[in-house]
Structures are given as C-alpha cells and as structure tokens.
Amino acid sequence: MKFLLKLFFVFSALLVSACSSAARPASAEASKPNIIFFLADDLGYMDLVAYAARVQGSAREDCFYETPHIDQLIDGGVMFTQAYAAPLCSPTRSSVITGKYAARQGFMTATPGGYETHYNQGITTPEGFYAQDGLENKTDRAPWPLTQGISNIALPLRETTLAEALPGYNSAFIGKWHLGGHGSSGFSPADQGFEEIAWFDSGGSPYFNWRPMWDKRKKLHPAMAQEFLQQGAAGEATGEAYLTDDLAVQAGRFIERQAGEAQPFFLYFCQFAVHGPFQAKKEDIQHFAKKETRGWNGHSNPTYAGMIKAMDDCVGTVLETLKSTGQADNTIIVFMSDNGGIVHPDEKGVPAISNNAPLKGEKALLYEGGIRVPLFVWYPEALKPAVCDVPVDCNDLFPSLLQMAGQSLDVYQEVGDGHSLVPLLLDPANSKGVYQRDTFFWHYPFYVSVGLKKGDLTGPSSAVRKGDWKLILNWEGTLQLYNIKDDLSEVNDLAESEPERTSALLVELTAWLNQTVETRYIPQRNSRYNSGHAEARAFEDVFEEHDLKWPRGRASRAD
C-alpha cells in the first residue's frame, strides 16, 4: 500500500491532479516522501567516478577519485547526463531555491565578504535598486571596452523558497548559504523558511577550526545597519575536527529526530566541499598520494581527492542513518553540483586542482566545463534506475520536488522558469515528449580570469543552448557556435559556417536579456575606452553587425 501511495503522488502530479495539502487526509499527508537535497560546491562533472568512467569508457576502479557511496545512489536512481547550472555558486543557489533564472533576482556572480553594497556601506539605495546590490563597479579602465554589470548578493524576501513552498514539511538547512548578503540581518535561512542546523553565509570556509569564524558576530562593514553580524552558527558540538565530517553528524542527528515525527522532512544540505581552501584529512592525502591510478584523466591532486572522498563518506553516513531509522524507503535524494569543476591551469595549461576533460573550460566560464554538472535523483520506491540524456536545468528542480511532494504547480507555472522533471523521471527517454523544454540561458556580465590559463582574462559573456546548438556571446565582440551533441569538447566553432543559425540564436538571446535581466546587470560601452592603449582589448559591436540594438535589459522591479 505504501508503494502504491508513493506512485500515486508522482503520477498524480504528472497528470496535474494534485490537490492542495490542506485538502489531503491525514493518511495521505503522512505518506508524503521525505526529501534530502545535497548541493555540492565546485564539484566537476568528471569528479564523480560514475560519471567519469561512463564518459571515458573506463572501469571505475581505474579512476583516481573514489565516490562509492554516491555511485551506489546513482546506480539506483535516475542519472542526468546533461544537467546545467550557473557558472558560479550563488546564482545557482538562488535558482535552485526559487525555480527561477538567477538573472531575474540580480544574482550575477558569487561575491567575497568585502563586496560593497548600499546596505553594508550605509548608503541610501537608489530607486529601482536592491539594498543588497553592489555599488557601481569602478571598471571604466582605459584598456577595457566595457564596464561590468553589478550583482545582488541577498535573495529578495519577496521570493518564495522551496522550503516555503512545501507546507507540512519540517524544513532544515545545513552548510553553505551564500544568499544572505554576507551576514545581513533578515536574510538568513531562518528568514527563508528553514530551521537552521549549522550554516555559514560565505563562499568558502576552512575545513579545520571553522567554528570561531561561523560564530563570529563582529561586523566586517561597520556601516551595516544592524548590531552584530548574522553570518552563521556552527551548531551542536560533534567532536569532529573536519568540517565535512561534522556536518554529516549534524545531518544524521536531524534525521534521527525526524524518525518520530508525523510530518515529512526536507533537508537542504549544501556542502562546502569541494570549494577551497583545499584542505583534507592527513590520512586521506597520504592514501591518494600513493594511489597507483594517480594521474588518470589529469586527476592527480591528493588533497582534492581527499576532499571528494570526505564528501562521499558524508553522503554514505546520511544514507546509513536513513536506513537505520527506517526512513530510506520514504526518502527522495537529489544530488547535484552548483557549477563546473575547478582546474586552475598554470601558464602552460597544466591543471593544478582537477580536470574536466573532455569538457572544455571550468568554473566561471560558459563552456560545458563551467556549467554542466552531475545531477541524479534517487527514490527506489517509485523510480527505476535509468540514464537520462535530455538537457535539463537547475531551476527545474523546484517544480519537480513540489510535484513529487504532491503540491500543485498552478502558481509556480505563472512565475517560474523551470519545468518539472517528473516526466523524465518516469520516462527518461522522453518518448512521450511531456518534458518540452529545449532552450536554456546564461548571463555573466564580468571580466574573469578564473577558468583560464594563469594571466588570461575573458570579457563579459552570455549564452543560449537551443536543442543541440549552443551560442556563446563574448560582449567584446565575438560569437562561438557549437553543436554539443556532436562536439562535447567544443572544439569546432561553427559560427562562420552557420551564419543564419548564429544570427537567429543571437536574436533569441538578446530578446531574453531584454525580457529578463534588469538594466544595471548589463555590460555597457566604456566611455574611457582607448583602443590605442598599449594593453587595449579588441572590441567590435556584435549586435550592430547583426542589425540588433545593444541590449538595454528590462525596467527595474527591485523593491
């Protein structure tokens, strides 16, 4: 009977017959699935053994990294091979938790704690801006043809989060937040519908002796209009010396407490692993330093390998706790990464951290290595093991989990950008064509050196993928077109040989920018640009060349 009830919720959602939770009988409420969402940080597409071995056609034991617990879940769930995220963490996090493109909320990038905003500098917020918008960038440098956009750094409270959209669930948050303006009052997980277990609102954290930093109350920006910093809380003591191990214990304790509850739970577990600083346990470093397969696919950093192993052990601990408390059969597990993996090539292009090959590029770039991420859904009571090769996006997860929890999507479909993945979970080949999304967009309005050979710099960029075709716009004046199905490594630029397709995709991308991205997040022509400067960067107006106007973006809707 329990199995049939689980299938009922999934299929009823697919058929758009789910009624509101308030109208459900108590027995139906009690049968709703628990949800655990693991969001890894900076984990590359090729960093999980199940993915790497599949792509390279290798035996899993030949790989350098070790992810047996995650691989076990992948083997028992639905594995997505073409899942996309934003190129950096905060935009993906805002997209996952709201089901919208990050660009709609002004989340353009991930920011350090020193990033200055109207709020943390005590400056009156201009009309149409968010208080958590960055100050106008001082980027009118003579060698640069463009000035950069800015970024919002706190999730607007008007947004409905996944926790708020799951009434009747005990929702909790663990780990990396990075959506709250670096400790701004009123923007913590508790303000967005979560019980706070242990959390920190920053891009990275030390893996040893992290507690003083998480519990810190002294403001970095004295002008912030609040008495003390509200950037995190280390939570209960566990006796663990390594951050990833500590969070695993705290997650286990939460799951154990839920075993006696009548309500289902939603645990949003955002790992700091494998984001820098690159720190692993001594025994794990020693293990990988001596491993015979070191160097496979360019994977040779023993510290990074140790961090991956600790993250995998964490997932294994959580799964074992689910089993020991009798909750595994009634729990959906989602796992994905927030952006592509880190390579950090040196001057010669040799990877210093990991390697995304055969994918091109890495974190912060719009090549596949920067935005294609591992994603799988495990729910053996209702889903058969399968591989899904249909392209999907991180903002699809919001409506997917709502449907699997038996919630109506009527309101979401009016304001969200994602499409539910439930049809693909039940029909991975999409043979019935129920999942109809085929176009995806990205926008990153900054100059960036991350993801390139040391010393290199790339201009602001945007991209669109439609079907098998992907267009990357460098706002300094170049277009690149790739057929992703035929050219996973993005080696063959077809922009010149496919001029009509290139132009059509640029028109569609431009329209999306004007409809979705507010003006202040759009790169602009730099009035101080000096093409005769010794370090001047080349520039051409690619929009003018295609009879288009420079995108203006949409009018501000900030409040």
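Rounded to the nearest 500 deg cm²/dmol, what is the calculated helix-only ellipticity per residue at 222 nm for the chain, with -39500 (n - 2.57) per DSSP H run of length n ≥ 4?
-7000 deg cm²/dmol
Heavy-atom accessible area of Arg525 with all protein chains present, probe 1.4 Å, nearest 10 Å²?
130
Would you mind checking the tilt of helix 2-14 against the longest principal axis of the Cα atoms of the chain, expressed as 0 to 90 degrees and rounded to 10?
30
Could you provide, to the nearest whole Å², the per residue accessible area of the stretch 299-405 with probe 1.4 Å?
25
For semi-axes √(5λ) of the Cα gyration tensor in Å, the choices are (i) 35, 27, 26; (ii) 43, 32, 27; (iii) 39, 34, 22; which was calculated from the structure?
It is the one labelled (i).
How many angstrom lie between the Cα centre of the stretch 48-66 and the Cα centre of the stretch 379-418?
Using only Cα atoms to place each centre, the spacing works out to 28 Å.
Taking the solvent-accessible surface of protein heavy atoms with a 1.4 Å probe, what is the per residue accessible area of the stretch 181-241 in Å²?
45
Cβ under 9 Å from Val464's Cβ, Val464 left aside: what net charge do those residues give with Lys, Arg +1 and Asp, Glu -1?
Charge balance near Val464 sits at +2.
What is the angle, in °, between the Cα long axis of helix 499-516 and the longest principal axis of the Cα atoms in the chain? Nearest 10 is fine, range 0 to 90.
Compared with the principal axis, the helix lies near 70 degrees.
Cut-off under 22 Å on the C-alpha distance; same-chain residues fewer than 8 positions from Lys32 excluded. Which lysines are left, in chain and number order?
The qualifying lysines are Lys2, Lys6, Lys323, Lys384.
With a 1.4 Å probe and all protein chains left in place, how much of the accessible area of the stretch 248-369 comes from carbon and sulfur atoms, in whole percent?
Solvent-exposed carbon and sulfur of the stretch 248-369 make up 49 percent of the total.
Could you pull out every residue, at least 5 positions away or on a different chain, whose amide H is within less than 5 Å of the one on Tyr101? Hs are placed 1.01 Å off N in the peptide plane, and Pro or chain starts have none.
For Tyr101, the qualifying residues are Asp417.
What are the ³J(HN,Hα) couplings of the stretch 218-225, residue after residue, when phi is run through the Karplus curve with 6.51, -1.76, 1.60 and θ = phi - 60°? Round to Hz, x for glycine and proline.
6, 6, 6, 10, x, 7, 4, 7
Return the sequence-ordered ³J(HN,Hα) values of the stretch 143-159 in whole Hz as given by the Karplus equation 6.51 cos²θ - 1.76 cosθ + 1.60 applied to θ = phi - 60°, using x for Gly and Pro.
Running phi through 6.51 cos²θ - 1.76 cosθ + 1.60 with θ = phi - 60° gives x, 9, x, 10, 9, 7, x, 10, 9, 7, 10, 9, 5, x, 5, 6, 6 Hz.
How large is ³J(HN,Hα), in whole Hz, for each residue of the stretch 228-242 in order, when computed from phi with the Karplus curve 6.51 cos²θ - 1.76 cosθ + 1.60 and θ = phi - 60°, using x for Gly and Pro?
Result, ordered by residue: 8, 6, 10, 9, x, 7, 6, x, 5, 5, 10, x, 8, 8, 10 Hz.
Report the antiparallel proportion of the DSSP beta bridges in the stretch 73-206 as a percent, rounded to a multiple of 5.
40
So who's got an amide H within less than 5 Å of the one on Phe265, skipping anything under 5 residues away but keeping other chains? H placed 1.01 Å off N, in plane.
Asn34, Ile35, Asn170
What does the accessible area of Thr293 come to, in Å² to the nearest 10, when a probe of 1.4 Å is used?
About 40 Å², ignoring ligands and nucleic acids.
Given the C-alpha centroids of the stretch 216-232 and the stretch 67-137, what is the distance between them in whole angstrom?
Measuring centre to centre over Cα atoms gives 22 Å.
What is the distance in Å between the Cα centres of the stretch 161-204 and the stretch 246-313?
Cα centroid to Cα centroid, the span is 21 Å.
Work through the residues other than His118 whose Cβ is under 11 Å from its Cβ and net out their charges, Lys, Arg +1 and Asp, Glu -1.
So the environment of His118 carries a net charge of -3.
What is the set of long-range amide H partners of Ser461 at a cut-off below 5 Å, with H atoms built 1.01 Å from backbone N?
Those lying under 5 Å, H to H, from Ser461 are Tyr444, Phe446, Trp475.
Quick one: of the DSSP bridges fully inside the chain, what percent are antiparallel, nearest 5?
If I count the DSSP bridges inside the chain, around 55 percent turn out antiparallel.
If you fit an axis through the alpha-carbon atoms of helix 302-324 and take the longest principal axis of the Cα set of the chain, what angle between them do you get, 0 to 90°, nearest 10?
30
With a 1.4 Å probe and all protein chains left in place, how much accessible area per residue does the stretch 54-112 have, in Å²?
Per-residue accessible area for the stretch 54-112 comes out at 26 Å².
The values are calculated or read from the model by the stated rules, or taken from the named source; none is laboratory data. Values in this document were obtained by computation on a predicted structure and should not be read as measured data. Note: ideal-geometry Cβ built from the backbone for every residue, glycine included; neighbour counts use all protein chains shown. Keep in mind that these areas ignore ligands, DNA and RNA; they rest on the heavy atoms of the full protein, side chains included. Shrake-Rupley method; radii C 1.70, N 1.55, O 1.52, S 1.80 Å.
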